[in-house]
């Protein structure tokens, strides 16, 4: 996929009301440009999607879009199967692949070999919070420490992606330490409309509550969204107590086995598109 086609894919995603982060796609492109797959007709983009590789150890499929006037003719099925097979070839033997798919497409993805794991639920509302003086800047923690903490909560290391994600313009981040040990960190980033949390990781719910309030205060009065794994009941409760309401959701599915991720510590997934 060419850079101009990436811009088109972003516009299509916006029209589907996916509300991607302003920098999300550009960051993924900078880390893994080979992940962007284009289907063209007479040189024009008509469908696309991403197949991100986490250094061959894990893959994630996302941004699957067919131009609206060409849907229902089988193009999407062919593209999806091609992307799945292409991603398998980019990964180490036995590596798993994840995706977040709309609920109505679960039977289709199951026929393609994916197995349902859980629901990821989007909640949204208006940001209201209170700053916590114990929250420190991510820069004060240092990237190696954050990266090490992050690796305990994801399917495979994603250092290159994470470094750029934390440095994106307009984002607000924070962390909590106990006995000089990182126990929670989170980012809220600008989107087409408002802001979205992710990643948002914490060892305990009380830590997540403090950090969430602090980050909400940083964007006081702005529209905000967060995507929470449904098994994390404390995370859903925290979002609802912050005035956010459920508006959307996706089915997290895996091909090749479900990674061992401590979902009780994942209070906000990074991205429906990139894992």
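Side notes on the structure shown:
- Residue match in segment 152-163 (condition: outside any strand (DSSP E or B) and more than 26 Å from residue 254 (Cα to Cα)): no
- For segment 9-28, a residue qualifies if it is in a helix (DSSP H, G or I) and at pLDDT below 90, and the qualifying residues are 9, 10, 11, 12, 13, 14, 15.
- Just one of the numbered conditions (1) surrounded by fewer than 17 Cβ atoms within 10 Å (Cβ to Cβ); (2) at pLDDT below 95 is not true of residue 259: (2).
- For residue 69: the one exception among (1) closer than 24 Å to residue 168 by Cα; (2) free of Cβ contacts under 8 Å to residues at least 60 places away in the same chain: (1)
- Number of the condition not met by residue 62 [criteria: (1) closer than 25 Å to residue 153 by Cβ; (2) part of a helix (DSSP H, G or I); (3) touching a residue at least 40 places away in the same chain (Cβ under 8 Å)]: (2)
- Qualifying residue in segment 211-228 (condition: without any contact (Cβ under 8 Å) to a residue 40 or more places away in the chain and in contact with a helix residue (DSSP H, G or I) (Cβ under 9 Å, 6 or more places away or on another chain)): no
- Filter pass, residue 14 being surrounded by fewer than 18 Cβ atoms within 10 Å (Cβ to Cβ), touching a residue at least 24 places away in the same chain (Cβ under 8 Å), out of contact with any helix residue (DSSP H, G or I) (no Cβ under 8 Å at 6 or more places or on another chain) and under 14 Å from residue 273 (Cβ atoms): yes
- Considering only residues in segment 167-181 that are touching a helix residue (DSSP H, G or I) at 6+ places or on another chain (Cβ under 7 Å) and surrounded by fewer than 20 Cβ atoms within 10 Å (Cβ to Cβ), the one that is nearest to residue 228 (Cα to Cα) turns out to be 172.
The values are calculated or read from the model by the stated rules, or taken from the named source; none is laboratory data. Source: prediction; values computed, not measured. Cβ sites come from the backbone with ideal geometry, for glycine too, and all protein chains shown count toward neighbours.
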